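Here is the structure we will look at.
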Amino acid sequence: MKPVIFLVTALTDVKQDGFSVKLRALLEQQVPVQILFADLNFLERATFDQLLATLAVTNPALVTVTDLFDIFANDQGSPLSERTRMRVDHTNLTVRRHTSATETVVRYLYDDQLLEEQHFTADQQLSYQNFYQDNLLTQVVFWGKQQRPVTISNFQAEALKETLLLNAQGELVYRFMREEQPVQKIFNGKDAATLQVADPATPQSEALPSKKSREPAGTLTVRNEQATIFKVMDYVDATDFNGIYDFYRYALKRLGAADARLYVSVSQNVEMSAVLPNQLIFNY
Amino acid sequence: MRAILSEVHSHGNQQSLTLELIDVPFVVNDLAMIFMENNAKASRLVPIKRREHHHVVDVTIAVPAFIFEQDNQREFSWAMYLTFNVDTKHYLLEVESEYVSDRHQLTLDSYFQFNADSQNHALFEIHTGQNPDEFVVNSINLTKDGLTVTGLNTINDQPLENQCLLLENAATATVTEYEIATELLRGLFSVTVPIADLTAAGPYNLYVEYDYHSQHVRQRLVLDRELTGQSGAQALPSGRIGRLERVADGRLQVQTDAPVSLKRKVVALGSKAERVKAGLHQLHEKLSNRYMRWLFKQGHRPFAATTIIFESFGGRQISDSPLAIYQMFKQLYPGFHFVWSVERELVPYCKANHIAYVVRRTARWARTLEKAQYWISNARFPAWVKKPKYVTYIQTWHGTPLKKLGLDIENVMMPGTTTEAYHRNFVQEANRWDALVSPNDYSTQIFRSAFGFNNQILKVGYPRNDELINATPVDITALKQKLKIPLDKKVVMYAPTYRDNQFVEKGKYTFELPFSLADFKQRFGEDTVLILRMHYLISNALDVSEYSDFVYDLSSYPNISDLYLVSDLLITDYSSVFFDYAYLKRPILFYPYDYQLYQGELRGFYLDYEHDLPGTIAHNEAELLVNIRNGLRQPDMSQNAKFQAFYERFCAIDDGQAAIKVVRYVMHQIEANQ
């Protein structure tokens, strides 16, 4: 069998039953599985690792996880400006510290104003920094296992606005700009609903419908949704990506997925298929 | 908004799928088809480029790309979706189909088929890892003529060499070989074991042998479904009863049961008498019940046996596509019950040709129509004929539309109706059709618009034209002999349309030939004969007895395709006959002697009459005679660019398998409803 790559773009992907069923089936057949963790929210990586440990418990050695930093760490990017990354002078600030079994949190306050929050792992490695203005979250710098900034996420009114992916030299390689956009998803049956919307509410009949009782031909269901989309800006070679799925395609290509058996979440099948025409894609 | 799989063409390892798009905007982004394998949940997207005729799109796929390694999976069932975007609207339509394609054998142990699920959504099914020792037959029937088997004679379009049928008597271990030399249709053989060869006590096993890729193959015959519709029992010359059986794994065997003894016959007679008595009682009960149901205006119950009604031109003929479908059914599935709905004057013809019939507008006709499960007709039934819910109604229609139809006619001038009533009746009738046969994309588009038709289109070509495509020169000679046409003379056929303005009173027409038969005979009579094929409403108004040695009035000949086949040139005006005749690639001459009147005042045309026709237009009698001479000098039109463009547009479905495709559609319905 060809090498297998699972694309994971969010924690919700991993929580689907299909993910664990397919992963376990492959591991039971001793098939090595590579997971591309392409979640732009790197903070979810720790939770992902915990979930994966429970799923791949039978044969963890067969599973390798690669994230976007691993793929692009050595690509040449653009230097960050001084203003891009927030910094707080800790001199004369009040420091508050809390240690639990899993992490240590250190807060820096100016009077009653929270300015920075540092999160350390149990082994005292800096995991991520939160920066605040007027007590509102404005930036998160994720450090990860590399012990260097990997991503910088900027927030507006505590909503994610953009995420910057850095390389091993701390240069900017990709900027992912988040937008909310109303979309309509229009489909004509329960099977199409399963592919088209994450939680199809179309009633499902247990009995096979008879010829005379099926829905009138041409009946469409319209679902209005607020879609989150990411625009991608390339600081490596100015590639014009047509959205985040086109970027996932590129990341998979860099990972060598052309010769691999690719598994994607069924809820993203339509979008991923569109950027990978004529390629056989498996769904979980 | 719908996407319907309407056609599949094979080009070696590639399959070309045609989708009919209904209410899908022309300007869309990212138009593509997604195939989703239902077992492994694997998918594949194929981008679509839209053609000029924007209501249909073509998708070409390579079959091997749809087979993959997955847990020893051998059955691949691909659902199909059409996807596209319009601004921020994302569309995903499950592709519909009631279309069932032929079984396409890929290798000795794999095949694929386009099918439909219970909700009439399209499925592309690939079966691999099949038993290579088995040969799946298309049909098998044991009749008084013998044991007839039909099946594929190709694997992935490669002909099978030295194919023969083997009949093995299991009791004596003797094997008889029958050469397979008859091709029923392209890709489908037919072979018959004479009934006399089944005399000895059996059972008999059946095998097929052939050479394929330098390999000699012997396979046991199997049927992959029940024997429904097949003729399975027959008295053998030895007095035994021959009986077809599907034994283990669908393998076919002919059992030969011992003759029934006199004692058992007497006992059986007694029980039969009891059954008849019980049957009469039941009949009485049934009639009473029927009367009650009638009183309460409730519907009928279907016959226990599958019954198919055929009707052609309102019962006035046994002809056209319904006849071609009927003949294919009789050949492949004689176990069903077939009944023709006919006018009373056709009764002698039906009796002479052993055709089961019911006479229209009789109580038996109404009862038979209401209790049958399938209607196949080429014209409309009267609006007062109620279609029960269990009936599947297949409308073959009777020609590629040239003159405007239905809703497209703005001014209907037919006695006894108004434009509004005509439109209303057309739409009501059309939407009783469960499937409508279409010969090309052009017709499909018109059928949708003119009939307001929303159901399944079977774009398979006209079954009546199979004969034109499949006929050989030997067949044509035999036809000429049958029609008593001299073999050494050329044949010109004149087949004009009927004119609405020839009404003098409801149902009566008048007609005169628009050219001189005397002139025609003088110019061409020495080496040419003329066939007249007039509309059935006016054929009785002609008197050509003076020219009996030169003119053949074959207006009432039941099968117009036979007349096309024997003709070297066709003259017509506005009749849609030229769409069919074009399949022969022979010259066509147009003689619209009343063109201005016809176009201006009557129905108008879908085509540009001056530019789109596949032949020369003669505007007067002199031009007609000149063009006949030119036409007879150019018997093959395939090198004529204008003609060829017409052929590509209207006659591209030329595989000669339309009838069997409609039969497959009906069989799919029969199996789904069982």
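The values are calculated or read from the model by the stated rules, or taken from the named source; none is laboratory data. None of the values given here were measured: they were computed from a predicted structure. A quick note on method: Cβ atoms are made from the backbone with ideal geometry, for glycine too, and the neighbour counts reach across all protein chains shown.
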Subject >> Criterion: touching a residue at least 24 places away in the same chain (Cβ under 8 Å) and at the interface with chain A (Cβ under 10 Å from one of its Cβ atoms) - qualifying residue of B:5, B:45, B:31 >> reply: B:45
Original post:
How many residues does region B:69-122 hold that are in contact with a Lys or Arg (Cβ under 6 Å, 6 or more places away or on another chain), at pLDDT 85 or above and away from chain A (no Cβ under 11 Å)?
Top reply: 2
**OP:** Keeping to region B:361-370, report how many residues are surrounded by fewer than 19 Cβ atoms within 10 Å (Cβ to Cβ) and touching a strand residue (DSSP E or B) at 6+ places or on another chain (Cβ under 7 Å).
**Re:** 1
Original post:
So how many residues does region A:265-284 have that are within 16 Å of residue A:2 (Cα to Cα) and among the aliphatic types (A, V, I, L, M)?
Top reply: 2
Subject >> Residue ranges of helices (runs of 4 or more DSSP H) in region B:603-674 with at least 3 members over 20 Å from residue B:456 (Cβ atoms) and either within 14 Å of another protein chain (Cβ to nearest Cβ) or not small (Gly, Ala, Ser) (or both) >> reply: B:621-633, B:641-650
Original post:
Can we say residue B:349 is surrounded by fewer than 20 Cβ atoms within 10 Å (Cβ to Cβ), assigned to a helix (DSSP H, G or I) and within 19 Å of the chain's Cα centre (by Cα)?
Top reply: no
**OP:** Just need a number here: residues in region B:359-390 that are in contact (Cβ under 8 Å) with a residue 40 or more places away in the chain, of a type outside the set (S, T, N, Q) and outside any strand (DSSP E or B).
**Re:** 15
Original post:
In region B:149-166, which residues are in a strand (DSSP E or B) and buried (at least 20 other Cβ atoms within 10 Å of the Cβ)?
Top reply: B:149, B:150, B:151, B:152, B:163, B:165
Original post:
Which is within 30 Å of residue B:34 (Cα to Cα) and either under 20 Å from the mean Cα position of the chain (by Cα) or away from chain B (no Cβ under 14 Å) (or both), of A:158, A:179?
Top reply: A:179
**OP:** Please specify each residue of region B:1-36 satisfying the condition of being crowded, with 16+ Cβ neighbours inside 10 Å and small (Gly, Ala, Ser).
**Re:** B:3, B:6, B:10, B:32
Subject >> Given (1) over 15 Å from residue B:593 (Cβ atoms); (2) modelled with pLDDT under 85, number of the condition residue B:524 does not satisfy >> reply: (2)
**OP:** Mind listing whichever residues of region A:78-94 are assigned to a loop (DSSP other than H, G, I, E, B), farther than 17 Å from residue A:153 by Cβ and within 26 Å of the chain's Cα centre (by Cα)?
**Re:** A:79
**OP:** Scan (1) among the polar types (S, T, N, Q); (2) at pLDDT below 90; (3) not in a loop (DSSP other than H, G, I, E, B) for the single condition residue B:477 breaks and write down its number.
**Re:** (2)
**OP:** Can you confirm whether region B:20-28 contains a residue that is within 28 Å of the chain's Cα centre (by Cα), of a type in the set (Phe, Trp, Tyr) and either at pLDDT below 85 or more than 30 Å from residue A:30 (Cβ to Cβ) (or both)?
**Re:** no
**OP:** Of all residues in region B:426-449, count the ones that are under 13 Å from residue B:20 (Cα atoms) and polar (S, T, N, Q).
**Re:** 5
**OP:** Would you mind telling me which numbered condition in (1) part of a loop (DSSP other than H, G, I, E, B); (2) buried (at least 20 other Cβ atoms within 10 Å of the Cβ); (3) not aromatic (Phe, Trp, Tyr) residue A:74 fails?
**Re:** (2)
Subject >> Output for region A:249-284, where each listed residue is within 12 Å of chain B (Cβ to nearest Cβ), part of a loop (DSSP other than H, G, I, E, B) and more than 18 Å from the chain's Cα centre (by Cα) >> reply: A:276, A:277, A:278, A:279, A:280
